[in-house]
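Note sheet for the following structure.
The values are calculated or read from the model by the stated rules, or taken from the named source; none is laboratory data. Not measured: the values here are computed from a predicted model. A quick note on method: Cβ atoms are made from the backbone with ideal geometry, for glycine too, and the neighbour counts reach across all protein chains shown.
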Amino acid sequence: MLPGMQHGTRHPALFSRALLLCLLALCACAAPSAEPTAKVLLFGEQHDQPDQQRQVAAAVQGLAESGRLAAVVLEMAEEGRSTAALPREADEARVREALAWAGWPWDAYSGVVMRAVRAGVPVFGGNLPRATIRAAMLDTGLDAAVDERARANIAGAVREGHCGLLPSAQEPGMVRTQIARDRAMAQTLERVLAQAPANQGAVLLAGAQHASRDRGVPVHLASGGKVGASAIHVVMFGSDRGGLSADEWRPAAFTPRPDPCEEFRQRLQRPSAAASAAP
């Protein structure tokens, strides 16, 4: 029984103070927990969902402020690029130049990148350089870089991502490219962690397929032997899991978007339409 209740309203100040303390305690219990203490925290996102990127930016800031973050690795910049040489006060133009930012909407990811930079945490590109993509597509050695189940999962995602319109002859090359990208990001994380203090880890932000435990970057981290499976924590967003594998699913506001398959079909039809109209 709360102090003052046994006397009805004779001690309203005591009752109000006790009630306030209880409410504060309940709020503390209901508050979201801190980010996991895993050595590698992977965020798998949908690129056109701003609330997901906002949540990752907040996580980066929280980890940096607690002194637990050594680096951020991004799918959105190529392997070999980083902000490590920049001061905290570097403006966005210098940051974009250091990362050779291209092809991705800066406004969507500037929160993640700039919060890290302002905290003195370097940001590294982790994606496969574009100049090496063709070589990856032809590299049959990549077929054995993951097991049959993971390769089947990637192939299914490639078909779905191309709305079932990808010619079957192109599928193996697209699967190899996905594997090469995942491996490049894993290798970047391994290099970052090799130089990180024992009490710090790294964040990776990538598309959900890249982050999935059963086919993406975690597979290559575990097979590399430098980062154990228990040191990896995969976070994804929303309620539609789509066969993806994660350790944690967080709610996120959904932003409506045009049908990507309809846009893809229209792109495919433009060349044929132009060709049929040619004399």
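Given the criterion crowded, with 17+ Cβ neighbours inside 10 Å, modelled with pLDDT under 95 and either in contact with an Asp or Glu (Cβ under 9 Å, 6 or more places away or on another chain) or under 28 Å from Ala150 (Cα atoms) (or both), identify the matching residue among Gly238, Gly207.
Result of the check over Gly238, Gly207: Gly238.
Let's see how each residue does on (1) closer than 18 Å to Gly207 by Cα; (2) assigned to a loop (DSSP other than H, G, I, E, B):
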position	(1), (2)
Val72	yes, no
Pro87	no, yes
Arg94	no, no
Ser110	yes, no
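For the condition at pLDDT 95 or above and under 11 Å from Arg176 (Cβ atoms), what is the one hit in Val123, Val158, Val112?
Val158
If you take the residues in region 186-204 that are polar (S, T, N, Q) and surrounded by fewer than 20 Cβ atoms within 10 Å (Cβ to Cβ), which one is nearest to Ala150 (Cα to Cα)?
Result: Gln187.
Identify the residue in region 38-70 that is part of a loop (DSSP other than H, G, I, E, B) and in contact (Cβ under 8 Å) with a residue 40 or more places away in the chain and, among all such residues, is farthest from Gly238 (Cα to Cα).
If we take residues in region 38-70 being part of a loop (DSSP other than H, G, I, E, B) and in contact (Cβ under 8 Å) with a residue 40 or more places away in the chain, then Gly67 is farthest from Gly238 (Cα to Cα).
Mind checking which residues of region 43-90 are in contact with a Pro (Cβ under 7 Å, 6 or more places away or on another chain) and acidic (Asp, Glu)?
Glu78, Glu79
For a quick check of your reading of the model, give me the residue pairs whose first member lies in region 236-247 and is free of Cβ contacts under 8 Å to residues at least 40 places away in the same chain, whose second is part of a loop (DSSP other than H, G, I, E, B), with beta-carbon atoms closer than 6 Å and at least 6 apart or on different chains.
Ser245/Ser212; Ser245/Arg213; Ser245/Asp214
Which helices (runs of 4 or more DSSP H) sit wholly inside region 126-206 and have at least 3 residues that are free of Cβ contacts under 8 Å to residues at least 24 places away in the same chain and more than 21 Å from the chain's Cα centre (by Cα)?
Ranges flagged: 148-161.
Can you find, within region 213-234, the residue that is surrounded by the most Cβ atoms within 10 Å (Cβ to Cβ) among those that are touching a strand residue (DSSP E or B) at 6+ places or on another chain (Cβ under 8 Å) and outside any loop (DSSP other than H, G, I, E, B)?
Per the criteria, the residue is Val217.
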